[in-house]
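Below: one structure, written as structure tokens.
The values are calculated or read from the model by the stated rules, or taken from the named source; none is laboratory data. Note that the structure is a prediction, hence the values are computed from the model and not measured. Reconstructed Cβ throughout: ideal geometry from the backbone, glycine too, with neighbour counts over all protein chains shown.
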Amino acid sequence: MSLWFILLAAALTLVSCARKAPEKGPPPVAYPYSSTAPRTFYAGPMGLQDSAPAGLEPALASRAPNASVMSADASSIAVAVNLWGLERVIVSPGGSSYRLEAEPMKEAFTGLSTGGAWPSRKGFLVQLYRDPFATADEEADQGAARSPDPAPEGRLALFGPSGGESIALPSISALAPGYELFVLLPSLSTWYAELRKDGEDSVDTRYFALGDILDPAGKAREVKRAEFEQALKPLPLADQTGDEGTLLRSALAALGKGPWLARLRGPSGEDSWLLDSGRPEDATPVFAWAAEGAVLALCADGRLARAAAASAATVTTLALPAEGAGFSAIAASGGILAAAWEKGDFPETEAAGIVVAPIPN
């Protein structure tokens, strides 16, 4: 064999080795969590995680990582993590598993507290407000070293297909210059907003009623405080004549004797407080979600009722992840539910997060 042939064969071998593709590891799992059993997630400085974050100290609820503001639409469950951003719980096409999709927005969330979340035609809407008590405490602690930067003001965050963005209430921003958003709640087909302005020795508040909250041309009217408070009073559950009212009454009856004060929400953005009897201050709170022809009703202690038109209401128990914790919200989509939980002595929070579980039959 000629020397030339040997050198050519060696060169081809070297080229072949140089071009050999590196071995690849297994591809990432698109939906890593099984939806057949409950799973606990913890709220931390970087969103939701599988284990309890290290080094967290008890803090005011408005300044602690928590996940008690949530909502859902037909395709995902949205969890607003305090001080961080949004996590979406997205179910696989077959429904057997799910994933968490992180949408951090720390710049907008820092210094503010999550107040509410609702689905809208443009995505999930999250209300952020400034806790004046926490702000006052922080300024007192800073003393002479107080930052020259002004405290962040209440706002809305909209999480759409292209990510999150801060938005103003377009129809009232020009009507109340110098005021910031503090409270935002829907009542039937109207949104009610409380705006506040802090003075040297006093706090001024103004109240508005709005229709389409995201319409730049939408009209807003200023209302008296009495109208604002009346609009947000719990409605009598007995007056709810539709299917959702019937199913909620069935679910509450399965949970036991009231009185019950239920917050009923759903994927279309509905959000109502309903009282079955007595006074609100004497009633036991329950968190309810209506979707797919059924109503789920969750108590703080984990008792979970499901009522559907075709069957009798059933009651199961959703285990709390820590002794002394309590559930504080529920939302559901795609055959699974997410229940927010918190642990701590009011007004502080020690730990918080969500439990994701299959919807019971």
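If the condition is being in contact (Cβ under 8 Å) with a residue 40 or more places away in the chain and part of a loop (DSSP other than H, G, I, E, B), then the range 236-269 contributes Pro267, Ser268, Gly269.
Could you go through the range 55-65 and let me know if any residue there is surrounded by 10 or more Cβ atoms within 10 Å (Cβ to Cβ), basic (Lys, Arg), assigned to a helix (DSSP H, G or I) and at pLDDT 70 or above. Yes: one or more hits. Taken together, the residues in the range 266-311 that are farther than 11 Å from Leu248 by Cα and of a type in the set (Lys, Arg) amount to 2. Just to be sure, is Leu255 surrounded by 14 or more Cβ atoms within 10 Å (Cβ to Cβ), within 27 Å of the chain's Cα centre (by Cα) and at pLDDT below 95? No, not satisfied. Restricting attention to the range 270-303 and to residues that are part of a strand (DSSP E or B) and of a type in the set (D, E, K, R), the residue that is nearest to Trp260 (Cα to Cα) turns out to be Arg303. Screening the range 188-203 for residues that are of a type in the set (S, T, N, Q) and closer than 21 Å to Ala168 by Cα and picking the one that is surrounded by the most Cβ atoms within 10 Å (Cβ to Cβ) gives Thr190. Taking each residue of the range 188-210 that is free of Cβ contacts under 8 Å to residues at least 40 places away in the same chain and among the acidic types (Asp, Glu) and looking for partners that are crowded, with 18+ Cβ neighbours inside 10 Å and assigned to a loop (DSSP other than H, G, I, E, B) with beta-carbon atoms closer than 9 Å, six or more apart or interchain, yields Asp204/Tyr179. Among the residues of the range 289-308, is there at least one that is under 15 Å from Met70 (Cβ atoms) and surrounded by fewer than 22 Cβ atoms within 10 Å (Cβ to Cβ)? Within the range 289-308 (the criterion being under 15 Å from Met70 (Cβ atoms) and surrounded by fewer than 22 Cβ atoms within 10 Å (Cβ to Cβ)), the answer is yes, since at least one residue qualifies. Hey, among the residues in the range 92-108 that are touching a Gly at 6+ places or on another chain (Cβ under 8 Å) and over 20 Å from Gly160 (Cβ atoms), which one's modelled with the highest pLDDT? My answer is Tyr98. Restricting to the range 122-149, and then to whatever is of a type outside the set (Gly, Ala, Ser) and under 17 Å from Gly163 (Cβ atoms), can you tell me which residue is modelled with the lowest pLDDT? Per the criteria, the residue is Lys122.
Taking each residue of the range 296-310 that is at negative phi and looking for partners that are surrounded by 16 or more Cβ atoms within 10 Å (Cβ to Cβ) and aromatic (Phe, Trp, Tyr) with beta-carbon atoms closer than 6 Å, six or more apart or interchain, yields Leu296/Trp289; Leu298/Phe287; Leu298/Phe327; Ala300/Phe327. Within the range 304-321, can one find any residue that is within 16 Å of Arg39 (Cα to Cα) and among the charged types (D, E, K, R)? No, the range 304-321 has no match at all. Would you mind stating whether Ser202 is of a type in the set (Ser, Thr, Tyr) and under 20 Å from Pro119 (Cα atoms)? Judged against the criteria, Ser202 is not a match. Annotation note: of Ala78, Ala134, the sole residue that is among the aliphatic types (A, V, I, L, M) and within 19 Å of Phe327 (Cβ to Cβ) is Ala78. Restricting the range 258-270 to residues that are of a type outside the set (Lys, Arg) and modelled with pLDDT of 95 or more leaves a set whose member that is surrounded by the fewest Cβ atoms within 10 Å (Cβ to Cβ) is Pro259. Exactly one residue out of Ala319, Ala312 is outside any strand (DSSP E or B) and either modelled with pLDDT under 95 or of a type outside the set (Lys, Arg) (or both): that is Ala319. Within the range 169-221, restricting attention to residues that are over 26 Å from Phe133 (Cβ atoms) and among the charged types (D, E, K, R), the residue that is modelled with the highest pLDDT is Arg221. Condition check: in contact (Cβ under 8 Å) with a residue 40 or more places away in the chain, under 19 Å from Leu48 (Cβ atoms) and in a helix (DSSP H, G or I). Does Ala134 satisfy that? So Ala134 does not fit the description; no.
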